[in-house]
Amino acid sequence: MIKNIRVGNILSPENDSDIIIGMNLQFKDVLGIGKPFVDRIVRTRDLRLGSVISFEHDDERELHMLVCHRIGKGGWKDAEQFVRYGMDYLWQKRQDRKYSIVNIGTGRVGKRDGADHALIRSAITSSFLPVDLYILNEKERIPAEATASVVPLRPFRIWDTERGEVSIRLAA
């Protein structure tokens, strides 16, 4: 459920909530918040759409990647379901935390590959997980030092829609 809609940078120190972003299954063609992560990750296990990969972002916040689409035309098929699965998993697992989420599907790759951001927004709204939705002002760019601050990311948990929590076999 969306508690508040905020225009601004989700990485801002004023945002004391955990951060949720969407991620493609291939971990390719990534800019912004996820870039420092995907530039350094070595995949040693197959992930599935609907997986959630969680990291310590800083001393206070965690970063959660919802693996919700593939790269390419048609790659966003059913993304809203995978977003909802991941959010509801976080709600079930960690109700003691506050969460914020980016406007999944509205970025460069989502626009290019045909994401249905209205369906994804509906999934965010209908999830049990209360979140603040962050919308980045198109004129506002995330400074390089903000994205650099998330390095290094070390996963501490992976959840898969079919296998549940699985042992971590990703190395950063």
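Annotations for the structure displayed:
- Residues that are surrounded by fewer than 21 Cβ atoms within 10 Å (Cβ to Cβ) and of a type in the set (A, V, I, L, M) were ranked within region 110-122; the one that is farthest from residue 6 (Cα to Cα) is 119.
- Every listed requirement among (1) over 22 Å from residue 124 (Cβ atoms); (2) at pLDDT 80 or above; (3) among the hydroxyl-bearing types (Ser, Thr, Tyr) is met by residue 44 save one, (2).
- Among the conditions (1) crowded, with 22+ Cβ neighbours inside 10 Å; (2) under 18 Å from residue 33 (Cβ atoms), residue 84 misses just one, which is (2).
- Of the criteria (1) modelled with pLDDT of 95 or more; (2) farther than 17 Å from residue 133 by Cβ; (3) out of contact with any Asp or Glu (no Cβ under 7 Å at 6 or more places or on another chain), which one residue 52 fails: (1)
The values are calculated or read from the model by the stated rules, or taken from the named source; none is laboratory data. Note that the structure is predicted; figures quoted are calculated from it, not measured. Note: ideal-geometry Cβ built from the backbone for every residue, glycine included; neighbour counts use all protein chains shown.
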